[in-house]
Amino acid sequence: MSNSSVSVAPTGFARFGLNDALLRGIRAAGFENPRPIQVETIPACLDGRNVLGLAQTGTGKTAAFALPLLHRLLKGGAKGPRALILAPTRELATQIAAEMQALARFTRLKVVTIYGGTSMRRQADELRRNPAVVVGCPGRVLDLLQQRVLRLGAVETLVLDEADHMFDMGFLPDIRKILKGLPTSRQNLLFSATMPKEIRHLANDLLTDPHVAELIDRAPASTIDHALVLVAETRKRALLEHVLTGGDCDSAIVFTRTKYRAKRLAEQLTRAGHRAVGLQGNMSQGQRDRAMSGFRTRRYDILVATDIAARGIDVSNVAYVINFDVPSTPEAYTHRIGRTGRAEREGVACTFVTGRDHGWLRATERMIGTPIPRRQVEGFEAEPEKPEARKASRGKGRGGPQRQSRPQSNGRGRGRRRSG
Ligand code: AMP
């Protein structure tokens, strides 16, 4: 380091050469330094390249695509939506739009959200006000496109966010139809936490010479203190009460396997005097919005959710994530517990595991590459561990992944779990 005519390289967000109005937005949002996904992705997006981002929600990927996209829009161009962002759930679409609006607050760029379950007419009115960016869920976007209320002829950038989840939810045919309504010459950005083969095909079709930013953290963030508690199914409710009331748990997301279980558990917790609310796919959009905003504003301390409903939600300050039921796939474990310990805050994640969940446990520990610590809770000693199929493995399962002669899940686990 002997150079005396020092030319200091810009640091923080200044390194990207973003528009000043966006830099103001970034400062107002409280972002000081770019996250790894942003460092990886922003320069390639600014260059107009196609990008495949392998990253989960919670890593900062919204700003990773939003900032370069907004920067490019600020350079001026045709009328009509110039960027289309597709997301699997209404909650995620709303969150993306909110973050974009925050980053673009010192610009005149308009962002509109489009999703089912709410008034189509209002969305049509908003579209007439000439937004630069449309963020939507595929079903409603396709409806409005087919009714010619939404015109996508000026779209320069397409973003597919949580593409794997859109596939899980059966949106791929709608997406393919929407693609037909877009100009062929455009930038494509595809974000996905996992790459099932259908998404690989889609990525191959869409992304010519992509820049690949791979930031999948299969291991949980270091800010999350996570543990398993072995418990009998019949004792889960009592254990939950113990965890919720026993310490520093002032806010929690509790995950259940089914919509029915989420609904019932939220009701039981409410009857037991907790400020709890459910979030599951059978609720109307209004109910879901009220549940989310009630949880964000601390009217409720406990959100009882299914995976689909909770996907992508970003609530800071969630002290605990409690997996009342284990998730259906190993990947969903990292995803669920990533709802706590966000934005580099400390969080606690606790997973209730019954004797039936050992297949899931083995696959999950294999995926994250390390055993999940076991925690004993007094009075909740586990039922004898009963691996599903083979007596030979009795007593195993503590202290790390165990090799079994039984065929293992392939680690993706998609649709494979049968025993829980
Ligand atoms: P996302 O993965 O886009 O859902 O982002 C997760 C959270 O991180 C959101 O609350 C963002 O506002 C926040 N965030 C994104 N980028 C940064 C950054 N560079 N510094 C601080 N917070 C950020």
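The values are calculated or read from the model by the stated rules, or taken from the named source; none is laboratory data. Small disclaimer: the values here were computed from a predicted structure and weren't measured. For neighbour counting, all protein chains shown are included, and Cβ atoms are generated from backbone atoms with ideal geometry for every residue, glycine included. In case anyone asks, the SASA skips ligands and DNA or RNA and just uses the protein heavy atoms, side chains included. Shrake-Rupley method; radii C 1.70, N 1.55, O 1.52, S 1.80 Å.
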Long-range amide H partners of F255 with built H, under 5 Å
A305, I322, N323, F324, D325
For a protection proxy built on the mean count of beta-carbon atoms within 10 angstrom, sort 260-267, 361-368, 177-184, 66-73 highest first, please.
66-73, 361-368, 260-267, 177-184
The long-range amide H neighbours of A213, using H built 1.01 Å from N in the peptide plane and a cut-off of under 5 Å, are L52, G53, L54
³J(HN,Hα) computed for each position of the range 325-333 - Karplus, 6.51 cos²θ - 1.76 cosθ + 1.60, integer Hz, glycine/proline x:
10, 5, x, 7, 9, x, 4, 5, 4
So what are the three principal axis dimensions of the range 12-214 from its Cα atoms, in whole Å, longest to shortest?
43, 39, 29
Expected unfolding gain across R290-E233 under the 0.36 nm per residue rule, minus the alpha-carbon gap, is 17.5 nm
Specify the inter-centroid distance of the range 59-91 and the range 128-156, based on alpha-carbon positions, in whole Å.
13
Kirkwood hydrodynamic radius, the range 62-119, all distinct C-alpha pairs: what's the number in Å?
12.2
Ranked packing of 128-137, 84-93, most packed first, by mean Cβ within 10 Å
84-93, 128-137
Calc'd 3J(HN,Hα), the range 285-295, phi into Karplus 6.51 cos²θ - 1.76 cosθ + 1.60 (θ = phi - 60°), Hz, glycine/Pro = x, comes to 4, x, 4, 5, 4, 5, 4, 5, 6, x, 6
Residue by residue through the range 172-183, what is 3J(HN,Hα) from phi via Karplus (6.51 cos²θ - 1.76 cosθ + 1.60, θ = phi - 60°)? Round to whole Hz and write x for glycine and proline.
4, x, 4, 4, 5, 5, 4, 4, 5, x, 9, x
What are the residues whose amide H is under 5 Å from the amide H of H226, where those residues sit 5 or more places off or on another chain and H is modelled from the backbone?
A349
Quick one: plug the Kirkwood hydrodynamic radius of the range 130-183 (C-alpha pairs) into Stokes-Einstein at 25 °C, 0.890 mPa s, and report D in µm²/s.
211
Note to self: with every protein chain in place and a 1.4 Å probe, the range 12-214 gives an accessible area per residue in Å² of 41
Which pairs in the list K110/K177; K197/K259; K61/K180; K236/K259; K197/K263; K75/K180 are over 22 Å apart, alpha-carbon to alpha-carbon?
K110/K177; K197/K259; K61/K180; K197/K263; K75/K180
Evaluate E = 1/(1 + (r/R0)^6) for T258 and E214, where r is the Cβ-Cβ distance and R0 equals 35 Å; express this FRET efficiency to the nearest 0.05.
0.60
At 10 °C and 1.306 mPa s, grab the translational diffusion coefficient of the range 123-217 from Stokes-Einstein with a Kirkwood Rh over Cα pairs, rounded to a whole number in µm² per second.
111
